[in-house]
Amino acid sequence: MPPIDPVPPPHSAANATATGGAVAHPPGHPDHPVARRRTLRAIAIFEAFKGVGALAASIGLLSLLHHDLHHLVVELIGHFGLDPGGHYPSIVIHYADVVANTSLRSLLLLAVGYVTVRLAEAYGLWYERTWGEWLGALSGGLYVPFEFRHLQHHPNWTNAAVLGFNVLVVAYLGWQLWSRRGDATPR
């Protein structure tokens, strides 16, 4: 009986050698192209949602341009039956005063920059562009120290979840960039 030549499993190092270095991963593996595409598209949808939300908030602030924002916020808080001197309502009132005292030009530039970065990142991730992964990893990584500091001063589950989710997204995008660092195919 002739010796049987064993066929290496598709995700093994022996198969990588036989296929010229490319490791074929099983469908459930995070490096599988379908799983990678789905993950990047989920992140892209989330980033697009943040960009559109920031755009809607900016338009909403512009519509309040010639109104007394402090008075509107106090009225809104009273409408919901909240105490304006309470912890969270006072924070909202404080930031309404900060926004009212900030230069409109600065607010618009900040909003346009944020929306542009979020939507560009979403586009790049949706179409699996390397620059989109870089933009996502770098822009998301900028928030991590601030979110960590915020969690230290105000520990709660929401702040921990925001930090954890952001760290996961940045780590995933960084891992994708690291795993392709020798790939010369531009995307």
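The values are calculated or read from the model by the stated rules, or taken from the named source; none is laboratory data. In this text, all values refer to a predicted model and were calculated from it rather than measured experimentally. Here the Cβ positions follow ideal geometry from the backbone for every residue, glycine too, while neighbour counts run over all protein chains shown.
Remarks
- Among residues of segment 143-158 that are of a type in the set (A, V, I, L, M), those with a beta-carbon under 9 Å from a residue that is surrounded by 10 or more Cβ atoms within 10 Å (Cβ to Cβ) and in a helix (DSSP H, G or I) at least six positions away or on a different chain give the pairs V144/L163; V144/N166; V144/V167; V144/V170; L151/N159; L151/A160; L151/V162; L151/L163.
- Options V144, V73, V167; residue that is touching a helix residue (DSSP H, G or I) at 6+ places or on another chain (Cβ under 8 Å) and over 23 Å from S179 (Cβ atoms): V73
- Given (1) of a type in the set (K, R); (2) surrounded by 14 or more Cβ atoms within 10 Å (Cβ to Cβ); (3) at pLDDT below 95, index of the condition R118 fails: (3)
- Residues that are closer than 24 Å to V115 by Cβ and either in contact with a strand residue (DSSP E or B) (Cβ under 8 Å, 6 or more places away or on another chain) or not hydroxyl-bearing (S, T, Y) (or both) within segment 58-90 comprise I59, G60, L61, L62, L64, L65, H66, H67, L69, L72, V73, listed in sequence order.
- If you go through segment 135-187 and keep only what is β-branched (V, I, T) and farther than 23 Å from A44 by Cβ, you end up with just T158.
- For beta carbons closer than 6 Å, sequence separation of 6+ or different chains, a first residue in segment 113-138 that is over 15 Å from L55 (Cα atoms) and a second that is among the polar types (S, T, N, Q), the qualifying pairs are E133/Q176.
- Enumeration of residues in segment 51-80 that are surrounded by 10 or more Cβ atoms within 10 Å (Cβ to Cβ) and polar (S, T, N, Q): S58
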